[in-house]
Amino acid sequence: MSLIAEIEREHESLIAVRRDIHAHPELAFQETRTADVVAQQLEKWGIEVHRGIGKTGVVGVLHGKKGNGKRSIALRADMDALPMPEHNKFKHASTNPGRMHACGHDGHTTMLLGAAQHLATHRDFEGTVNFIFQPAEEGGNAGARAMIEDGLFDRFPCDEIYGMHNMPGLEAGMLAFRKGPTMASSNRFDIIVRGVGGHAAQPHKAVDSIVIAAEMIGVLQTLISRHKNPIDTAVLTVTQIHAGDAYNVIPHEAVIKGTVRTFSTEVLDAMEDNMRRVAETLPKVHGGSGELQFVRAYPPLVNWDAQTDFAAKVATDVFGASKVELDTPPHGGAEDFSFYLEKVPGCYLFIGNGGGGHRESKYHGMGPCELHNPNYDFNDALLPVGSTYWVKLVQAFFARG
Ligand SMILES: [Zn+2]
Ligand SMILES: [Zn+2]
């Protein structure tokens, strides 16, 4: 592995920044302190800073010193934390009760800062680097969309965009790439089934919304097994069912809620159409009525072929083939980086966070070191790896011409 020596020398200060952010987690669109930390660092290095894009987002703009190159590259990190308590007891544990950096966005932000510092010191390129520090990736809040709607790509034109996320379980420092559909779309639905309420002992005078809802759950599963091409991937999971609150009353209404995941918009369109047909038609068979409310939170994350080839080659040249995984399996989670990739070519990769062995048993909660787990901690060993990758990617992008 060949880390940039200057970045390696900053390792301790990067760890300090990462742990400071970890200790002060902030939820979606409330990342004001984190944005302050980011903006102050960028300004210190002479990077042009723009605040308040997509509410709490920050963009740092760095122009190279070699001529007036028109090309531009964007690197993105997310800044938000999760609404959950932390079980770790180390010094940098969360100081905000019920808030935790359990997805490693503290690390993502710090890796990008490390790269920004190095690139600002040298500016040995021709063109512009846009450092995007995004709010609200978690919970369907779509900070990426908020930044785009706030004019991100109009104000800061980007020819290509790159992102990364740590991945527990993958060997620490391993960089994993995939072309095409890489993460799922995330969508939520409510189906409202309306019958006719009545006495539990007189079902013939009622239309039982619970019986219709029970049948509907089974029919919804046939949309996966019978209506979808078996080659396509989709998940439909019912996660909530609400109806009734008495032993002797047939409830007028039953509500079914859940999530749908797909790796393409075409499959999603078909799923939604089929669900609407079932939701509206099946209750009619029984004399009731039904309605589907379908919310598309994040589209599928689809990596661009050429940019993925390029990024994977940079990673291989820098770290060696043994540290790079091509064709990593798709991930069923969702990520709002997908909104950027709908507008601008780019690539999003996974960086291995290791199996949790980086944690000290004395202070860490020693439960699973998995994303969104209260025992999780970002692996500080990755900081110079991620920063080095970012710098080498930028250099290769401009050298590519
Ligand atoms: Zn997360
Ligand atoms: Zn995350």
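The values are calculated or read from the model by the stated rules, or taken from the named source; none is laboratory data. What you are looking at is a predicted structure, and each value in this text was computed from that prediction instead of being measured. Cβ placement follows ideal geometry from the backbone for every residue including glycine, while neighbour counts extend to all protein chains displayed.
Put simply, of Lys66, Lys91 the only residue that is touching a residue at least 60 places away in the same chain (Cβ under 8 Å), surrounded by fewer than 18 Cβ atoms within 10 Å (Cβ to Cβ), in contact with an Asp or Glu (Cβ under 9 Å, 6 or more places away or on another chain) and more than 23 Å from Asp154 (Cβ to Cβ) is Lys66.
In the stretch 101-211, counting only strands (runs of 3 or more DSSP E) that sit wholly within it, the ones holding 1 or more residues that are touching a Pro at 6+ places or on another chain (Cβ under 7 Å) and touching a residue at least 40 places away in the same chain (Cβ under 8 Å) span 160-168, 180-183, 185-194.
Within the stretch 80-93, the set of residues being within 16 Å of ligand 2 (Cβ to nearest atom) and more than 21 Å from Gly143 (Cα to Cα) comprises just one member, Glu86. Within the set Lys392, Lys343, the sole residue that is under 22 Å from the mean Cα position of the chain (by Cα), of a type in the set (Lys, Arg) and either crowded, with 20+ Cβ neighbours inside 10 Å or at pLDDT 95 or above (or both) turns out to be Lys343.
Just one of the numbered conditions (1) within 18 Å of Lys55 (Cβ to Cβ); (2) more than 16 Å from ligand 1 (Cβ to nearest atom); (3) buried (at least 19 other Cβ atoms within 10 Å of the Cβ) is not true of Thr128; which one? That leaves (1) as the condition not met.
Conditions tested, residue by residue: (1) within 16 Å of ligand 1 (Cβ to nearest atom); (2) more than 27 Å from the chain's Cα centre (by Cα); (3) among the acidic types (Asp, Glu); (4) part of a strand (DSSP E or B).
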site	(1), (2), (3), (4)
Arg226	no, yes, no, no
Leu268	no, no, no, no
Val278	no, yes, no, no
Lys284	no, yes, no, no
Leu292	no, no, no, yes
Ala312	no, no, no, no
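From the set of residues in the stretch 105-145 that are on the phi > 0 side of the Ramachandran plot and touching a helix residue (DSSP H, G or I) at 6+ places or on another chain (Cβ under 9 Å), which is nearest to ligand 2 (Cβ to nearest atom)? Top of the filtered list is Ala136. Go through the residues of the stretch 371-389 one by one and say whether even a single one is of a type in the set (Val, Ile, Thr) and either surrounded by fewer than 20 Cβ atoms within 10 Å (Cβ to Cβ) or part of a loop (DSSP other than H, G, I, E, B) (or both). Scanning the stretch 371-389, I find no residue that is of a type in the set (Val, Ile, Thr) and either surrounded by fewer than 20 Cβ atoms within 10 Å (Cβ to Cβ) or part of a loop (DSSP other than H, G, I, E, B) (or both), so the answer is no. When Gly352, Gly356, Gly365 are checked against the criterion of being in contact (Cβ under 8 Å) with a residue 60 or more places away in the chain, over 23 Å from the mean Cα position of the chain (by Cα) and either closer than 24 Å to Gln134 by Cα or not in a helix (DSSP H, G or I) (or both), a single residue qualifies: Gly365. For Arg51, which of the numbered conditions (1) charged (D, E, K, R); (2) farther than 24 Å from Phe339 by Cα; (3) outside any helix (DSSP H, G or I) fails to hold? Of the numbered conditions (1) charged (D, E, K, R); (2) farther than 24 Å from Phe339 by Cα; (3) outside any helix (DSSP H, G or I), the odd one out for Arg51 is (2).
Check the stretch 79-93 and report whether any residue there is among the hydrophobic types (A, V, I, L, M, F, W, C), part of a loop (DSSP other than H, G, I, E, B) and touching a Leu at 6+ places or on another chain (Cβ under 7 Å). Yes, because at least one residue in the stretch 79-93 is among the hydrophobic types (A, V, I, L, M, F, W, C), part of a loop (DSSP other than H, G, I, E, B) and touching a Leu at 6+ places or on another chain (Cβ under 7 Å). Of note, Ala399 satisfies the criterion of being assigned to a helix (DSSP H, G or I), modelled with pLDDT under 95 and of a type outside the set (Ser, Thr, Tyr). Of everything in the stretch 315-349, what is in a strand (DSSP E or B) and β-branched (Val, Ile, Thr)? Give them in sequence order. Correct list: Val324 only. Residues that are assigned to a helix (DSSP H, G or I) and buried (at least 20 other Cβ atoms within 10 Å of the Cβ) within the stretch 20-40 comprise Ile21, His22, Thr34, Ala35, Val37, Val38, listed in sequence order.
In the stretch 247-260, the residues that are crowded, with 18+ Cβ neighbours inside 10 Å form Cβ pairs under 7 Å with partners that are of a type outside the set (Gly, Ala, Ser) and in a loop (DSSP other than H, G, I, E, B), at six or more places apart or across chains, as follows: Ile250/Asp208.
When residues in the stretch 304-325 are screened for being touching a strand residue (DSSP E or B) at 6+ places or on another chain (Cβ under 8 Å), within 20 Å of Leu170 (Cβ to Cβ) and touching a residue at least 60 places away in the same chain (Cβ under 8 Å), 8 of them pass. Looking only at the stretch 95-104, how many residues end up being touching a helix residue (DSSP H, G or I) at 6+ places or on another chain (Cβ under 7 Å) and away from ligand 2 (no atom under 16 Å from the Cβ)? The total comes to 1. Within the stretch 293-307, being surrounded by 22 or more Cβ atoms within 10 Å (Cβ to Cβ) and out of contact with any Pro (no Cβ under 9 Å at 6 or more places or on another chain) holds for Tyr298, Pro299.
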